[in-house]
1. From the set of residues in region 1-58 that are in a loop (DSSP other than H, G, I, E, B) and of a type in the set (Ser, Thr, Tyr), which is farthest from Gly85 (Cα to Cα)?
2. Consider Gly2 against the criteria (1) closer than 22 Å to Thr164 by Cβ; (2) out of contact with any Pro (no Cβ under 9 Å at 6 or more places or on another chain): it satisfies all of them except one. Which criterion is unmet?
3. Give region 31-41 a look and list any residue that's open to solvent by 40 Å² or more (accessible area, probe 1.4 Å) and at pLDDT below 95, or say none.
4. Of everything in region 10-30, what is open to solvent by less than 40 Å² (accessible area, probe 1.4 Å) and either under 18 Å from Leu90 (Cα atoms) or within 20 Å of the chain's Cα centre (by Cα) (or both)? Give them in sequence order.
5. Of all residues in region 42-66, which are aromatic (Phe, Trp, Tyr) and either more than 18 Å from the chain's Cα centre (by Cα) or modelled with pLDDT under 95 (or both)?
6. Would you pick out the residues in region 110-135 that are closer than 22 Å to Ala31 by Cα, aliphatic (A, V, I, L, M) and assigned to a strand (DSSP E or B)?
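The values are calculated or read from the model by the stated rules, or taken from the named source; none is laboratory data. This structure is a prediction, so every number in the text was calculated from the model and none was measured. Neighbour counts run over all protein chains shown; Cβ positions are idealised from the backbone, glycine included. We work out accessible area using only protein heavy atoms, side chains counted, and drop any ligands, DNA or RNA first. Shrake-Rupley method; radii C 1.70, N 1.55, O 1.52, S 1.80 Å.
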Amino acid sequence: DGSQLLVDGVLCVFGDDYSNLVNDMDARKNANSGENLSLKNNGALLAVERRQSPTAKDTIFLHLAGTTQRRYQLHTILSAMNSGGTDAFLEDTYLHTRTAIYPGDTAKVDFAVTAEAASYAHGRFRIVFQAAQGPLPLTLTNVKAYTKNESIAVEWTVENETGTKSYQLEKSADG
């Protein structure tokens, strides 16, 4: 009917004082009778995992269980995390898709569970980290700045733009 219901959630906390090994700082997952989402580390299913700040090539494995044939939406929120020069992506190994997870934003991925076994595989989703790629290449054309209502308005046109989420303008007193 189009309504949404939160069915489960997990939390991964990063810090340089934490270990990537499962220990008493992590909370094991107690499965419920419906859909279950867990973090999987060395065979242990966790509801809360504390781990070291991610580096390039780190992976967080999500474990999905108890799903039924219907549509779902997975929300991934990256907040208050120092990226340490890494970019984060949510990967769907069934659909072979990759969604960027931006700091301070929520990545929402719609997916369906069908009769096909790979659509409800426990390890369908994972969060991967890779070395930050830096600014995306684009060609900036037609830049115009002018006074408008006691402020400065800036207009520009770009070409070859892909994957850009936002722009950040900076002002310099000395050029």
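1. To start, the set of residues in region 1-58 that are in a loop (DSSP other than H, G, I, E, B) comprises 1-10, 15-26, 29-35, 42-43, 52-58.
Going one step further and asking which of them are of a type in the set (Ser, Thr, Tyr), we end up with 3, 18-19, 33, 53, 55.
Values: Ser3: 38, Tyr18: 19, Ser19: 20, Ser33: 40, Ser53: 11, Thr55: 8 Å.
The qualifying residue farthest from Gly85 (Cα to Cα) is Ser33.
2. (1)
3. Going residue by residue through region 31-41, those that are open to solvent by 40 Å² or more (accessible area, probe 1.4 Å) are 31-33, 40.
Listed by number, the residues that qualify are Ala31, Asn32, Ser33.
4. Of everything in region 10-30, those that are open to solvent by less than 40 Å² (accessible area, probe 1.4 Å) and either under 18 Å from Leu90 (Cα atoms) or within 20 Å of the chain's Cα centre (by Cα) (or both) turn out to be Cys12, Gly15.
5. Going through region 42-66, the residues aromatic (Phe, Trp, Tyr) turn out to be 61.
Scanning region 42-66 gives no hits.
6. Passing the criteria: Ala112, Ile127.
Here is a yes/no grid of residues against (1) within 16 Å of the chain's Cα centre (by Cα); (2) among the acidic types (Asp, Glu); (3) buried (at least 16 other Cβ atoms within 10 Å of the Cβ):
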| residue | (1), (2), (3) |
| --- | --- |
| Thr68 | no, no, no |
| Gln73 | yes, no, no |
| Leu90 | yes, no, yes |
| His96 | yes, no, no |
| Lys108 | yes, no, no |
| Phe111 | yes, no, yes |
| Arg124 | yes, no, yes |
| Leu140 | no, no, no |
